[in-house]
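The values are calculated or read from the model by the stated rules, or taken from the named source; none is laboratory data. These numbers come from a predicted model, not from an experiment. Areas reflect the complete protein model, heavy atoms only, side chains present, ligands, DNA and RNA absent. Shrake-Rupley method; radii C 1.70, N 1.55, O 1.52, S 1.80 Å.
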Amino acid sequence: QNRLREEDLLIGMVMPPALAKKDDPVALMEKAAEQRRVVQAQNEQHYQAALVSIKKRIHDVDGPDIKQEMSDQIREWFLRCREETGKFPKFPTASEGGSKSLFQTSAAAGAGAASGSGE
């Protein structure tokens, strides 16, 4: 009887007995996928918390230094223009880019000076 059942199983006449739930590859795959989703959600929470922390640190610690440095650069621009032309320049309007345009021209002038000094 047992030998006949094994033969039927071998030729596909009878379905094999169901695997235990813990050994089922599909169930194991689904469990692993669920665990991955949980870990991804935790990692996303940690990432968002770190992002907020870094932004706060930049605002509180580095922000004043950056603001001071930018103010110094604007002041230097005004003084340099006054030395070259004899009068203070007109500050760029918002439509002209405001102080952003000063930093773009300063960066371009600095890059040009750096490349020109190597000749």
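A few comments on the model shown:
- Surface per residue (accessible, 1.4 Å probe) for the range 7-104, Å²: 87
- Ligands, DNA and RNA left out, the 1.4 Å accessible surface of the range 1-92 is 59% carbon and sulfur atoms.
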